[in-house]
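Trainee: Have a look at the structure that comes next, please.
The values are calculated or read from the model by the stated rules, or taken from the named source; none is laboratory data. All values derive from a computational prediction rather than experimental measurement. Note that we place each Cβ from the backbone using ideal geometry, even for glycine, and neighbour counts take in every protein chain shown.
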Amino acid sequence: MAVTAFARSDPAQEGVVAFNATRHLRQVAELVGATFADELDANGRASLREMQLVGRFSPFLGGLWGTAFFENFVAGYVWVEAGQVLGNVTLQRADFVGIRWRISNVAVAPQHRGRGIAHHLVEATLREIARRGGNWAVLQVRADNLAAHHLYERLGFTDVCRDGVWRLPILPANLPQSEPGVSLHPLRASAWRERLDLAHAARTSLARWADAVNPADYQVGLGRQLGEVLGRMTGFYRVERWGVLGTTYLLGAVETQLNGIADTHLLRFAVRPEARGRFEDALVAQGLRTLAGAPDRPVVVEHDADHAEGVAALETAGFRPQRVLLTMRRLIVPGDVGKT
């Protein structure tokens with residue numbers, strides 16, 4: 001594992017300053033936590049707690065531990081005034097070769113917003129990407145954060161895709177009935193390649209560019225198959241998969257994961273572009289029916305927010321959006337190196 005060593009910055013520096021784990025981590029953790037408290041999922045909250053813990057100890061243990069904590073953390077900038085961190089931006093590789101770079105954790109203290117701090121911080125990351133030979137900058141912003149969206153547009157970013165999380169607080173007492181005219185068939189766990197092919201087809205090329213479909217999310221080897229059998233036998237874990245069969249491939253599919261000990265049940269579905277508008281309601285309804293008798297838990301769905309028919313089917317079934325994130329990108333040009 002390569003660990004990036006951050007150059008020490010002059011404590012007297014103000015404005016845009018290169019992130020230094022020893023000096024800045026504690027304040028950055030507090031700022032990020034305050035800015036994104038309502039947006040973090042369980043994993044995000046756990047990561048923030050770890051960051052805050054390391055931030056408390058890094059001044060005593062030196063910068064190496066704080067730096068090593070960020071396995072994929074490459075660079076970053078903070079905005080400093082009178083020794084206080086008022087703004088932050090994080091920069092990470094988005095691939096192994098450094099073609100794409102991810103900008104994240106763009107945060108400014110509420111009382112200092114509107115001063116152009118975020119603009120200067122993001123510009124600094126664009127210069128850094130250019131210096132490192134990167135071709136693309138990628139970031140995500142809440143779709144309802146119009147001020148941030150306009151900022152990124154002014155900086156040259158364009159929209160790529162939208163992805164969201166929907167939540168159903170509790171299964172309804174009367175589960176939706178099957179859709180007339182739609183024939184759904186149970187899918188074998190071993191038929192994961194067909195579901196992976198469907199997942200690829202359901203995403204646009206730009207969406208796959210931004211976030212490639214991970215085959216590991218669909219592969220079901222022997223060990224996983226045995227685990228699913230054991231989970232069903234004990235009642236702690238149950239996975240069901242149903243699909244709409246075309247002549248040569250799946251037109252749509254739904255998968256549910258009932259978990260007796262987790263905080264939520266999971267549902268995911270996909271429909272090929274040429275079949276959109278025909279199967280979404282049936283797939284969501286079938287997914288909910290497979291959860292009949294499950295422990296009372298919320299049902300969570302991560303789905304393509306640009307799939308209008310899929311979003312409509314979720315909301316018809318009672319799901320409500322928790323968050324919708326817009327992915328944006330910007331081409332890095334040689335002139336970015338010298339921008340000030």
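Trainee: Which one is surrounded by the fewest Cβ atoms within 10 Å (Cβ to Cβ) among residues in the stretch 259-305 that are among the hydrophobic types (A, V, I, L, M, F, W, C) and without any contact (Cβ under 8 Å) to a residue 60 or more places away in the chain?
Mentor: Across the stretch 259-305, the extreme among qualifying residues is Ile261.
Trainee: Follow-up question, since we're still on this one. Go through the stretch 301-340 and give me each residue that's under 23 Å from Glu240 (Cα atoms), touching a Leu at 6+ places or on another chain (Cβ under 6 Å) and not aromatic (Phe, Trp, Tyr).
Mentor: Within the stretch 301-340, Val301, Gly318 meet the criteria.
Trainee: Collect the residues in the stretch 122-154 that are in a helix (DSSP H, G or I) and under 22 Å from the mean Cα position of the chain (by Cα), keeping them in residue-number order.
Mentor: Val122, Thr125, Leu126, Ile129, Leu146, Ala147, Ala148, His149, His150, Leu151, Tyr152, Glu153
Trainee: Moving to a separate point now. Within the stretch 123-176, work out how many residues are surrounded by fewer than 16 Cβ atoms within 10 Å (Cβ to Cβ) and hydroxyl-bearing (Ser, Thr, Tyr).
Mentor: Selection size over the stretch 123-176: 1.
Conditions tested, residue by residue: (1) under 21 Å from Leu196 (Cβ atoms); (2) touching a helix residue (DSSP H, G or I) at 6+ places or on another chain (Cβ under 9 Å); (3) not aliphatic (A, V, I, L, M).
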| position | (1), (2), (3) |
| --- | --- |
| Glu240 | yes, yes, yes |
| Ala253 | yes, yes, no |
| Leu258 | no, yes, no |
| Ile261 | no, no, no |
| Ala275 | yes, no, no |
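Trainee: Can you tell me which residue is farthest from Ala207 (Cα to Cα) among those in the stretch 111-148 that are assigned by TED's automatic domain parsing to the domain that holds Phe36 and free of Cβ contacts under 8 Å to residues at least 24 places away in the same chain?
Mentor: Only one residue fits best here, namely Gln111.
Trainee: Any residue at all in the stretch 163-181 that's of a type in the set (A, V, I, L, M) and under 23 Å from Arg278 (Cβ atoms)? Show your work before the answer.
Mentor: The initial filter retains those residues of the stretch 163-181 that are of a type in the set (A, V, I, L, M), namely 165, 168, 170-171, 173, 175.
Those still in the list that are under 23 Å from Arg278 (Cβ atoms) too: 168, 175.
Looking through the stretch 163-181, at least one residue is of a type in the set (A, V, I, L, M) and under 23 Å from Arg278 (Cβ atoms).
Trainee: List the strands (runs of 3 or more DSSP E) that sit entirely inside the stretch 1-114 and contain at least 3 residues that are of a type outside the set (Val, Ile, Thr), in contact with a strand residue (DSSP E or B) (Cβ under 6 Å, 6 or more places away or on another chain) and modelled with pLDDT of 90 or more.
Mentor: The strands (runs of 3 or more DSSP E) meeting that bar are 73-81, 84-93, 100-108.
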